[in-house]
Amino acid sequence: MRDVLDDLARWWNAGETVGMATVIATWRSAPRPAGATMLVGADGTAVGSVSGGCVEGAVYELATSVVATGVPVLQRYGVSDDDAFAVGLTCGGILDVYVEKISRETFPQFDMVVDAIRASTPVAVVTCVAAAKDGAVVAAGAPLIEGEVPTDDATTGDPADRLGRRLIIFEDRVEGTLGNDRIDDAVADDARGMLATGKTGTLKYGYDGERRGDELTLFVASYHAQPRMIVFGAIDFAAAVARMGAFLGYRVTVCDARPVFATKRRFPDAHEVIVAWPHRYLQAESDAGRLDERTVVCVLTHDPKFDAPVLEVALRLPLAYVGAMGSRRTHDDRLDRLREAGLTEDELSRLASPVGLDLGARTPEETAVSIAAEVISARWGGSGERLTAREGRIHHEV
């Protein structure tokens, strides 16, 4: 929705009705990612794209129909369809497109979402796009996916009542409802985790928020830039950490002053590889406003001339996590250097060094898991203990 926000806001503010088609899931070589949006205005104007041109015509006609009936539709397009060539999706991909009617009546919280996005305030819009009844998954009253759906005594509710419901999730509150407090609480908890990493996608629940249920399919559209992970030191451990960071949803940068080692070929999972002195790069990114309280910094350089200056910069910034690799002897020497540079004990206490949790890791990949575990623990307030040794809730409050 972000790419068509201005047009949608203009129509919404004018009290006009709009057909909105959103890609909620893709497989194989689908041309557009989940979250891609196309609008059909009251005057017939089409804005945006769900497939880069492949199925735009078919989606346009469907959006026009949905506006007329007011009934949302979840449609799957794929090359295996009998009419694949008719609608133009011949790239071999598959995409699910949810088409709904947008107006002041159907989306009264839209102005809150617009204000949040324009103010760069994190917000997630959760929409019920499909519901199950009597073992069949339905959207707009028509089967979408064949196969049995588990049911039990707790599975109650009318699909027609749940379809199209929205929950707007901010960091400190929610607006709207998906049906009852139980599912609203469960979804808010899970969607905030997606929002924290800028992820957009689908979740499944039972009618009362059971996480093992799949009667309800919810689409979570997150409007929040990906958090950053900056890895300093172009070594084999950095490649594993970059891979793990990307897997967790971070936008990963690998930085090293040595061009022979800092190459995209050596770090294929990093979103960018930068050749620069670490401390200069980090300070420049901070000055440009490209770091925030979600940013993770991992210093793996193993060289005092690199790690001490960059840590001096990092520990004075309001970052989520700052970790540095090295032995305990290296750690003690590093602390002495940082104290000489004028860092306070409070600033030094923010340094995770030696980096990672005690997992007995040996390989670069195991070490990356150890570091990732510590990053996750720092983000959500986890203790790092084994869950079997703890009591109470597994999921922490957010």
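FYI, it's all coordinate maths here, none of it is from the lab. Keep in mind the model is a prediction, meaning the values are calculated, not measured. Please note: Cβ atoms are built from the backbone with ideal geometry, for glycine as well, and neighbour counts cover all protein chains shown.
Taking every DSSP beta bridge that has both residues in the chain, what percent is antiparallel when rounded to the nearest 5?
Taking every DSSP beta bridge within the chain, about 70 percent pair in antiparallel fashion.
Normalised by the residues of the stretch 209-367, what does the relative contact order come to in percent, with Cα pairs under 8 Å and at least six apart?
Averaging sequence separation for qualifying contacts and normalising by length gives 20 percent for the stretch 209-367.
Using 5 Å bins from zero, what percent of all Cα-Cα pairs in the stretch 342-388 falls into each bin?
It works out to 5, 20, 23, 22, 15, 9, 5, 0, 0, in whole percents.
Take every Cα pair under 8 Å in the chain that's 6+ residues apart, average their separations, divide by the length, and report that relative contact order as a whole percent. Please list the in-between numbers first.
Numbers: 796 pairs, mean separation 39.6, N = 398.
About 10 percent, as a whole number.
So if R0 is 22 Å, what FRET efficiency would Trp277 and Asp336 give, r being the distance between their Cβ atoms, rounded to the nearest 0.05?
0.50
Given the options Ile24, Ile230, Ile274, state which has the largest fluctuation in a GNM of the chain using a 10 Å cut-off (strictly under) for Cα springs.
In the Gaussian network model the winner is Ile274.
In the stretch 216-368, if the dipole is taken from +1 on Lys/Arg beta carbons and -1 on Asp/Glu beta carbons about the Cα centre, which of Val322, Met229, Leu311 is farthest to the positive end?
Of the listed residues, the answer is Met229.
Highest GNM mean-square fluctuation, the chain, Cα pairs closer than 10 Å: which of Ala368, Ala238, Ala276?
Its mean-square fluctuation being the largest, the pick is Ala276.
Among Thr37, Thr22, Thr45, which one shows the biggest mean-square fluctuation in a GNM of the chain, springs joining Cα atoms closer than 10 Å?
Maximum fluctuation in the GNM of the chain, among the listed residues, is at Thr45.
Please state the charge dipole magnitude for the chain, taken about the Cα centre, from unit charges on C-beta atoms (+1 on K and R, -1 on D and E), reported in debye and rounded to the nearest 20. Write down the numbers at each step before the final one.
On the way: 42 positive and 59 negative charges, 275 e Å.
Dipole of the chain, to the nearest 20 debye: 1320 debye.
Which of Ala191, Ala368, Cys128 sits farthest toward the positive end of the charge dipole of the chain, with +1 on the Cβ of Lys and Arg and -1 on the Cβ of Asp and Glu?
Farthest towards the positive pole: Ala368.
Using helices alone, what [θ] at 222 nm do you get for the chain, with -39,500 (n - 2.57) per DSSP H run of 4 or more residues, divided over all residues and rounded to the nearest 500?
-9000 deg cm²/dmol
Find the lysine pairs in the chain meeting two conditions, Cα atoms under 30 Å apart and a separation of 8 or more places or different chains, and report how many there are.
The number of close lysine pairs in the chain is 7.
Report the GluC sites (Glu not before Pro) located in the stretch 277-362 that are in a DSSP loop and have at most 15 other Cβ atoms inside 10 Å of their Cβ, or state none.
Filter output for the stretch 277-362: Glu293.
Reported to two decimal places, what Rg/Rh ratio describes the chain when computed on Cα atoms with Rh from the Kirkwood expression?
On the way: Rg = 24.1 Å, Rh = 23.4 Å.
With Rg and the Kirkwood Rh in hand, the quotient comes to 1.03.
If you place +1 on the Cβ of every Lys and Arg, -1 on the Cβ of every Asp and Glu, and leave all else neutral, what size is the dipole of the stretch 316-370 about its Cα centre, to the nearest 20 Debye?
80 debye
Specify which residue in the list Ala270, Ala257, Gly384 is farthest towards the positive end of the charge dipole of the chain, using unit charges on the beta carbon of Lys, Arg (+1) and Asp, Glu (-1), about the Cα centre.
Ala257
Would you mind listing how long the stretch 268-361 runs along its three principal axes, going by Cα atoms, in whole Å with the largest first?
33, 33, 24
Do you know the relative contact order of the stretch 195-248, to the nearest whole percent, from alpha carbon pairs under 8 angstrom that are 6+ apart?
Computed over the stretch 195-248, the figure is 32 percent.
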